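What follows is a single structure, written as structure tokens, with notes after it.
The values are calculated or read from the model by the stated rules, or taken from the named source; none is laboratory data. These numbers were taken from a predicted model, which means no experiment stands behind them. Cβ: placed from backbone, ideal geometry, glycine included. Neighbour counts: every protein chain shown.
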Amino acid sequence: MKTRLQVLQDHIGGEFTLSPSPFMLWMNPIVVAAEPGTVTFKYFIRDEMTNPIKSLHGGVTAAIVDDCIGATLFSLDEEHFYTTINLNMDYFAPAHSGETIIAKTSIIKKGKQFVNAQCEIWNESETRLIAKGYSNLFRTNIMKKVL
């Protein structure tokens, strides 16, 4: 049986269609890279992901950060599920409908019960930081039965 990390790696260069998150599937992430504790996804910004002035909606930006950090925890292949207990966002620049963005994650600190992780969202050429989010996650007693 493949590990969750291997499932992510099998999708490198293509859309990640096996996410247990229906919302993540709606965002159509393309897997760029996946290693233990870090993932990189690419997203094409569609009109339905934008606000009235056609820039990436802040809530969608936060959802991308949250889902990417979740995928990062999946990359560790642990048996327990982690749940987000807070999500702090900083927004630096707009991204617009029709553009592609890159989301990269890393784990800052992992303890026995808590994980602190971050996700940076960049423009496609990675020359402009769009947003950065930090999250704390708590290990639950729920066992993973997905993927």
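Observations
- Residue match in the stretch 101-114 (condition: at pLDDT below 95, touching a helix residue (DSSP H, G or I) at 6+ places or on another chain (Cβ under 9 Å), within 22 Å of L18 (Cα to Cα) and surrounded by 14 or more Cβ atoms within 10 Å (Cβ to Cβ)): no
- The stretch 115-129 residues that are within 23 Å of L87 (Cα to Cα) and β-branched (V, I, T), paired with ones that are modelled with pLDDT of 95 or more and in a loop (DSSP other than H, G, I, E, B) (beta carbon under 8 Å, 6 or more apart): I121/A95
- Number of the exception - L73 against (1) under 13 Å from I130 (Cβ atoms); (2) buried (at least 21 other Cβ atoms within 10 Å of the Cβ): (1)
- Looking across the stretch 115-136 at every residue that is of a type in the set (S, T, Y) and in a strand (DSSP E or B), the one that is surrounded by the most Cβ atoms within 10 Å (Cβ to Cβ) is identified as S135.
- Conditions (1) in contact with a Ser or Thr (Cβ under 6 Å, 6 or more places away or on another chain); (2) under 23 Å from L129 (Cα atoms); number of the one not met by P36: (2)
- When the stretch 133-142 is filtered for residues that are free of Cβ contacts under 8 Å to residues at least 60 places away in the same chain and within 23 Å of S55 (Cβ to Cβ), only Y134 remains.
For every residue, the table says whether it meets (1) over 23 Å from N116 (Cα atoms); (2) touching a strand residue (DSSP E or B) at 6+ places or on another chain (Cβ under 7 Å).
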position	(1), (2)
H11	yes, yes
S19	no, no
P22	yes, no
T40	no, yes
Y43	yes, yes
D47	yes, no
